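J.: Dropping the structure in here first, questions after.
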Amino acid sequence: MTNPTPTASDPAARRRTRLFLGVGLAFGLAFVALTPPFAAADEATHFFRAYQLSEGHLVATRRGDQLGGDLPGAVVRDVAGLDRVRRRTSLGALGPYWSSTTGGPRTFADFRNTAVYPPAGYLPQTAAILVGRVLGASTLVLLYAARLANLLVFLALAAVAARRFPSVRWLPLAVALTPMAVFQAASASSDAATTGLCLLVLASALGDRAPGRRGIVEAVVLGALLGLAKPPYVLMSLVFLAPRRGLTRDERLGAVGAVLVGFAVAALWSRTSTHLYVPYRPIIDVHLDIRPAAQLHRVVTAPWSFVSTLSVTTWESLGKWLRQAVTPVGRFPAAAMPLVAVVGSYALTVAAAVMPVPAIEAGDAGGPGRAARALAVAVGLVTLLAISVVVYAYADGVGARRVDGIYGRYLLPVLPALLLGLPRTRRRANDLAFVGIAAVLLAVGVAAVTHRAYGWPL
């Protein structure tokens with residue numbers, strides 16, 4: 001039978017969860033409060049998408065070469081005004097926006113880069129905006145409510161993942177406590193929910209989960225949510241197929257069902273939204289010849305050409321991507337963390353992957369076997385490859401010799417799966433050491449953001 005999830009009476013697991021939630025919440029709230037409005041990556045368009053969903057509109061509207069939806073004019077106006085405040089980086093300039101109303105004639109807003117995203121990544125933000133609208137909150141209040149809800153849900157997903165993860169229970173927490181992960185969670189971005197779902201799917205597939213029918217239902221629900229998160233991370237659901245001892249026939253079929261459901265809902269959403277697609281990159285470069293069908297045809301018919309292009313891009317950009325994956329990056333000038341902090345963040349995450357926690361949690365059987373870990377690594381690599389293909393097809397001109405449009409934050413959801421391929425050590429992880437180092441790194445991240453946003457000293 002599948003190992004049961006550790007009980008709430010497990011003191012080690014409870015202490016680890018409290019430490020994680022305390023540090024994550026403290027620094028998450030700092031990012032929520034100190035990051036200028038709409039200064040996180042694409043935060044304005046993520047906010048527009050969440051607001052659209054809060055009004056019950058699942059599918060965006062296309063108008064010529066624009067894609068988005070009709071929103072209250074005051075919301076569109078205030079987002080534009082707050083964007084100018086962001087550029088002035090003045091907290092005092094926010095004053096008039098706290099009580100600004102959100103009504104007025106409806107205006108079409110173009111948020112093409114997020115308009116076709118599925119709804120699952122926006123559930124926390126949508127719920128918060130919906131409640132705020134009912135209470136008559138201003139656009140600025142709605143933004144902070146969305147940020148707070150996003151943060152709380154992300155921390156909850158990571159905490160549950162850690163309780164389920166086999167032996168290396170600090171691994172999902174170490175990833176969740178990277179400065180970039182907390183920064184994303186403290187924004188209106190859908191990336192946070194995607195990362196949290198990937199952590200929970202990986203932990204549920206390889207670790208402790210409820211036995212029998214309840215575990216099957218959980219796996220199917222997680223597969224469906226991942227299929228309705230940010231594509232192509234639905235590929236991470238393939239980890240449910242990892243070989244495990246003691247599974248019943250029904251549980252094995254349930255794992256297959258979770259994968260099929262995830263892929264089915266992702267395909268259904270793609271079929272619903274693909275015809276709405278409007279190229280995003282031409283806003284940046286009007287000369288780009290973006291035709292996804294032609295690009296995908298090139299990838300299929302000349303795969304080695306694409307592999308060569310991706311290899312060159314990786315060689316030239318790997319350092320930048322690795323730094324972006326852990327460094328808070330927004331629309332203000334890049335919040336450059338010192339190199340030692342970047343290296344320290346990866347060192348902490350690697351240590352979490354190779355050092356098991358004290359094996360006193362109930363039902364801890366030592367973690368997944370080699371075959372399961374190999375499958376997790378393979379799925380992580382395939383997911384990164386799929387992301388590269390999608391970016392190449394939808395964000396680069398036909399025949400481009402570089403895969404431009406890849407950002408380091410795309411690595412976070414698959415990082416735990418990749419690190420499971422590392423050999424394990426016998427040295428046990430120390431909870432206080434992990435959380436202390438994570439807190440220092442997060443403090444550096446907050447300082448980097450406030451320095452770039454407000455000119456505050458490091």
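J.: Find how many whole Å separate the alpha carbon centroid of region 231-257 from the alpha carbon centroid of region 403-432.
T.: One Cα centre to the other: 21 Å.
J.: Which one of Met180, Val377, Leu197 has its Cα pushed farthest toward the positive end of the charge dipole of the chain, where Lys and Arg give +1 and Asp and Glu give -1 at the Cβ?
T.: Val377
J.: Among 290-302, 115-127, what's the highest-first ranking by average C-beta atoms within 10 angstrom per residue?
T.: On the way: 290-302: 14.8, 115-127: 23.5.
Descending mean neighbour count gives 115-127, 290-302.
J.: Taking H as built 1.01 Å from N, whose amide H comes closer than 5 Å to the amide H of Ala41, not counting residues under 5 places away?
T.: Long-range HN contacts for Ala41: Arg331.
J.: For Gly69, list long-range residues whose amide hydrogen, built 1.01 Å from N in the peptide plane, is under 5 Å from its own amide hydrogen.
T.: Hits under the 5 Å cutoff: Thr61, Ala109, Phe111.
J.: Just from its helices, what would the mean residue ellipticity at 222 nm be for the chain, if runs of 4 or more DSSP H residues each count -39500 (n - 2.57) and the sum is divided by every residue, rounded to the nearest 500 deg cm²/dmol?
T.: Details: 16 runs with 266 residues, N = 458.
Helix contribution divided over all residues of the chain: -19500 deg cm²/dmol.
J.: Right, another one. If you average the alpha carbon positions of region 146-161 and of region 296-318, how far apart do those two centres end up, in angstrom?
T.: Centre-to-centre distance over Cα atoms comes out at 36 Å.
J.: Moving to a separate point now. Before anything else, pin down the relative contact order of the chain: Cα pairs under 8 Å, at least 6 apart, normalised by residue count, whole percent.
T.: Relative contact order, the chain: 22 percent.
J.: Counting other Cβ atoms within 10 Å, keep those with at most 16, restrict to DSSP loop, and tell me which trypsin sites (Lys or Arg not before Pro) in region 409-458 are left. Show your work: numbers first, answer last.
T.: On the way: sites: Arg409, Arg424, Arg426, Arg427, Arg428, Arg452; in loops: Arg424, Arg426, Arg427, Arg428.
Sites meeting the loop and neighbour criteria: Arg424, Arg426, Arg427, Arg428.
J.: Region 11-454: Rg/Rh from Cα coordinates, Kirkwood Rh?
T.: Ratio of gyration radius to Kirkwood radius: 0.96.
J.: Students often check this: by mean Cβ neighbours within 10 Å, which of 74-82, 188-196, 414-422 ranks highest, and how do the rest follow? If you can, show how the numbers build up before the last one.
T.: Numbers: 74-82: 20.0, 188-196: 29.0, 414-422: 22.1.
Taking the mean over residues of other Cβ atoms within 10 Å, the ranking is 188-196, 414-422, 74-82.
Quick note: the coordinates plus some simple rules give every number you see, no bench work behind them. All of these numbers come straight from a predicted model, not from anything done at the bench. No Cβ is skipped: glycine too gets one built from the backbone with ideal geometry, and neighbour counts run over all protein chains shown.
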